[in-house]
Amino acid sequence: MNITITLFAQMIAFIALVWLVNRYMWAPLSAMMEARQKRIADGLAAAEKGQHEQQLAEKRAKETLVEAKNQSSEIIAQAQKRASEMVEEAKGNARVEGERILNGAKAEIDREVNQAREALRAQVADVAMAAAGKVIKREINADAHSDLLNDLAKQI
Amino acid sequence: MSEAAANSSGGGTVEYIQHHLTNLCVGSGCETGGFMSWHIDTIVISALLGALIVFTGMRVTRNMATDVPGGFQNFVESILEFVQGSVKDSFPGENKLIAPLALTIFVWVWLMNFMDLIPVDLLPLIAGWFGIHYLKAVPTTDLNTTLAMALTVFILTIFYNIKVKGLGGYLKMFLFHPFGKFAVPANIVMTAIEEVAKPLSLGLRLFGNMFAGELVFMLIALLGGAAAIGAGLLIWFPLQVVLDVAWLIFHILVITLQAFIFMVLTIVYLGMAHTTDH
């Protein structure tokens, strides 16, 4: 229980131990723990940044979606307009074509009628002549009454 | 425990206790209680415990994991963080020495105190087989150990007082504290007592607690022995076991508390040395 030289031995041991603990335990461990702290802080910051970026991306996606919807409805409206236009155009064309065909047909009919009329006209004189000749064989000379017959034929 | 106690009870309980409180001593001053006596048991056991700390530190840091620390590394880290927290709480300045110093004190003192929990007769008995007849297993029951740490802290306190406040500032503290400039002689006496009381109380508190704890363990160990052989043993031996366990459990708290107090007071004293505005 006396104070002896052991006191100084223990002081030296204590100082040496403090140095050793610092060298082999405290310094490496606390450095490692500090590094870990920094890593965790960095990780959290990165996570927060990522979250923020995700929010931005979501917002952007929403905007793009809305834009796309607007665009598509615009396109659809345009297409509908164009379709009705085309229908109208087609209708007009059809009407014009129909009229053209109708007119052609009418002209053809007229021509045919005229042709038939001409043919008839040519034949009528002969038929009339034949009929009249048969009725009034003797009294009527073809040459003497040809003027009259021709007038008749023209009137038909 | 009781066996050894029974053996020595023939020579009286006083002798038993004195035998247990005698250090293994080498040197010229051993017989007379002189200065030149080396307490080999104190030195060797404390050095071994110190080596254990350093070895543990080396083992943990050799393959430490930054990302996912394993079980033992977690344990060491939690001690480190506890000490770091204590330093942060009570140390105002910035000093790289304080935290390793506090860690060393806490762990080393705790380990030395822990020797108290080993049955009082076990280590002397084992030592006896190797021809060593005196062994005081708990280094902190040796005043030399506790005062050595307290004195080292005291020297550090003076060093940082002078370093931070300057020699003039430190002397001024003696002159004008605590009663102002009109009571300089009283101030010198008061401050000197205050300063000297710090390391003394630091060392003596730890020593006293551990010494008393060790003594109580010995007294408990004597219970069974005092009854010797006879019907009394049936009562005394169970009582000894119960008391021993109770004191053991209580003592776990005491050794931790004492190590913690030593550490915190060291931090506080050094913190006071670092504050210029005293």
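Annotations for the structure displayed:
- Ranked B:Arg62, B:Arg205, criterion: other C-beta atoms within 10 Å, fewest first: B:Arg62, B:Arg205
- The residues neighbouring B:Ala51, those whose beta-carbon lies less than 15 Å from its own, together hold a net charge of +2 under the Lys/Arg +1, Asp/Glu -1 convention.
- Trypsin sites (Lys or Arg not before Pro) restricted to the stretch B:68-148 and DSSP loop, no more than 13 other C-beta within 10 Å: B:Lys96
- For q = 0.17, 0.21 Å⁻¹, Debye-computed log10 I/I(0) when each Cα of the stretch B:122-278 counts as one equal scatterer: -1.02, -1.28
- Pair B:Leu167, B:Val245: separation of 7 Å Cα→Cβ label points (nm): 6.3 nm
- The mean number of Cβ atoms from other chains found within 10 Å of a Cβ in peptide A:32-38 is 3, as a whole number.
- Across the stretch B:168-268, the relative contact order, built from alpha-carbon pairs under 8 Å that are at least six residues apart, equals 20 percent.
- According to the Kirkwood relation over distinct C-alpha pairs, the hydrodynamic radius of the stretch B:62-194 is 19.0 Å.
- Calculated over the stretch B:3-273: convex hull of Cα atoms, volume per residue (Å³): 184 Å³
- Pairwise label distance in nanometres, A:His145 with B:Glu194, each label 7 Å out on the Cα-Cβ vector: 17.4 nm
- Measuring max minus min along each principal axis, the C-alpha atoms of chain A give extents of 194, 22, 19 Å (largest first).
- Over the stretch B:1-136 - Rg/Rh using Cα atoms and the Kirkwood inverse-distance radius: 1.11
- For residues of A:102-113, the mean tally of beta carbons on other chains within 10 Å: 0
- Per residue of peptide B:55-65, the mean number of Cβ atoms on other chains within 10 Å of the residue Cβ is 4.
- Among the lysines of the stretch B:3-273, pairs at least eight places apart or on separate chains and with Cα atoms under 17 Å apart come to 4.
- Computed helical MRE - 222 nm, the protein assembly as shown, DSSP H runs ≥ 4 contributing -39500 (n - 2.57), nearest 500: -28000 deg cm²/dmol
- Here, P(r) means the percent of Cα pairs in each 10 Å bin from 0 to the largest distance; for the protein assembly as shown it is 4, 13, 16, 14, 10, 6, 3, 3, 3, 3, 3, 3, 3, 3, 3, 3, 3, 3, 2, 0, 0.
- Assigned charges on the beta-carbon of Lys, Arg, Asp, Glu; chain A dipole about Cα centre (debye): 920 debye
- Projecting the Cα atoms of B:Phe260, B:Met218, B:Thr157 onto the charge dipole of the stretch B:3-273, computed from C-beta unit charges around the Cα centre, puts B:Thr157 farthest toward the positive end.
- Exposure proxy shown here: for A:Trp19, B:Trp236, the number of other Cβ atoms within 10 Å sets the order, fewest to most, as A:Trp19, B:Trp236.
- Here the dipole of the stretch B:3-273 is about 980 debye; that uses its Cα centre as origin and unit charges on the Cβ of Lys and Arg (positive) and Asp and Glu (negative).
- Working from Cα pairs under 8 Å separated by at least six residues, relative contact order for chain B is 29 percent.
- By the count of neighbouring beta-carbon atoms within 10 Å, fewest first, B:Asp89, B:Asp41 end up ordered B:Asp89, B:Asp41.
- Relative contact order %, the stretch B:21-82, counting alpha carbon pairs below 8 Å whose residues are six or more apart: 20 percent
- Dipole magnitude for the stretch B:138-244: about 660 debye, using +1 per Lys or Arg Cβ and -1 per Asp or Glu Cβ, origin at the Cα centre.
Only the coordinates and a few stated rules stand behind these numbers; no lab work does. Please read all numbers here as calculations on a predicted model, not as lab measurements. Positions of Cβ are generated from backbone atoms using ideal geometry, with glycine treated the same way; all protein chains shown enter the neighbour counts.
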